[in-house]
Structure formats: C-alpha cells, structure tokens
Amino acid sequence: NYNSKSICRQEFMEIMLRISYEKYAREFQEDLTTSFQSQFKESLREHFGSKFLDDGNEFRRNHLYDEHVDHILEDNFHLLVEIFTDFSSLQTKHSSFARVHMTTGGWIKMMNYFQLVDSTFTVRDAAFAATQSMFAVVDDVKENSNYIDFPCFLEAMCRVADLKQMPD
C-alpha cells in the first residue's frame with residue numbers, strides 16, 4: 001500500500017545523504033559520515049530548532065503519564081471516541097474500531113473545524129503534534145505510518161493542549 005506521493009524512511013535518508021555529499025563532502029573533502037553530521041548541525045537544526053530534536057518519550061513521561069491527565073481522558077472518553085470516528089476513516093458503524101484510523105488530512109480538518117489553528121498555533125504546529133504522536137514502524141512500505149490510530153489521537157490531543165496558548 002505504497003503511496004507514490006510519499007517517501008519512506010530509507011528514501012528520505014538516501015536523499016539526505018546525497019545532499020550532504022554534494023554540499024559538504026565534495027567541497028570540504030569530508031567523509032560521508034562527517035558531511036551528514038555537518039548537514040544536520042548547520043542546516044536542519046537552524047530551520048527546525050529544538051522541535052526537531054525533541055524526544056517523544058520525554059513528553060510522555062513529563063506530561064502524559066499522569067494521574068490527572070488519565071482522569072481527564074477517562075472522563076471524556078466517549079466524546080473523544082466520537083470526535084475521532086467523525087474525522088477518521090470509519091465508513092460504517094460495523095467497522096472494527098481496531099482498524100479505524102485518521103489521516104493527517106483528517107487531523108488538520110479537525111483542528112480547523114474546532115478553530116484551534118490561528119496565528120499562535122499554526123497548521124505546522126498541529127501537524128507536528130500529530131506526527132510526534134505517531135508510532136514508529138519497522139517497515140514504512142508494508143505498514144503505512146502516516147495514520148493516526150486512537151492511542152496516537154489521544155496523545156496528539158494532549159500535545160495540542162500543551163502547545164496551544166489560552167485565548168485572551
């Protein structure tokens with residue numbers, strides 16, 4: 001189920017290595033490993049800052065695995081399931097909930113529907129919250145990792161709550 005408009009992790013890494021080679025290895029006579037490290041330090045960090053380097057488990061330990069958060073999610077479980085299914089791939093009431101997923105497009109549509117995207121919380125921030133919540137998969141080609149399942153949805157909602165500024 002490979003989408004020709006997307007790239008898998010291996011293809012992304014190959015692209016990054018080729019760019020590093022062209023940009024640093026040739027000009028500065030660096031080996032491929034050193035050129036990739038230079039590319040990362042100078043270019044990626046400059047454009048993505050600390051967000052790019054965040055450890056997803058650190059957020060989970062410090063903000064998500066908390067009794068207070070657990071009670072909030074538990075108290076609102078049915079509403080969260082309803083929101084998730086309304087913006088997910090669920091087509092019929094008879095579908096197995098285990099196979100239900102939300103695309104990143106559905107996630108952004110939901111963010112816009114609830115008017116969470118504004119000048120302080122951009123579409124990029126919303127997408128970042130979703131992608132940081134997605135589970136890593138071993139094989140990007142066999143298992144499409146661009147979908148949000150329900151546990152990832154819950155985490156992404158918590159990330160939005162953490163990132164979103166309160167209105168004035």
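The values are calculated or read from the model by the stated rules, or taken from the named source; none is laboratory data. Worth saying up front: this structure is predicted, and the values here are computed from it rather than measured. Counting neighbours? That spans all protein chains shown, and the Cβs are built from the backbone with ideal geometry, glycine included. Accessible surface areas use protein heavy atoms only, side chains included; no ligands, DNA or RNA. Shrake-Rupley method; radii C 1.70, N 1.55, O 1.52, S 1.80 Å.
For (1) modelled with pLDDT of 80 or more; (2) not β-branched (V, I, T), each residue gets a yes or a no:
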site	(1), (2)
R45	no, yes
S50	no, yes
L73	yes, yes
L79	yes, yes
T92	no, no
M110	yes, yes
L116	yes, yes
List every residue pair whose Cβ atoms sit under 6 Å apart, with the two residues 6 or more apart in sequence or on different chains, where the first one lies in region 40-65 and is closer than 12 Å to F128 by Cβ and the second, anywhere, is modelled with pLDDT of 65 or more. G56/Q132
Taking region 53-71 and keeping only residues that are open to solvent by 90 Å² or more (accessible area, probe 1.4 Å) and modelled with pLDDT under 85, one is left with E58
Criterion first (open to solvent by 90 Å² or more (accessible area, probe 1.4 Å) and modelled with pLDDT under 80) does E22 satisfy it? no
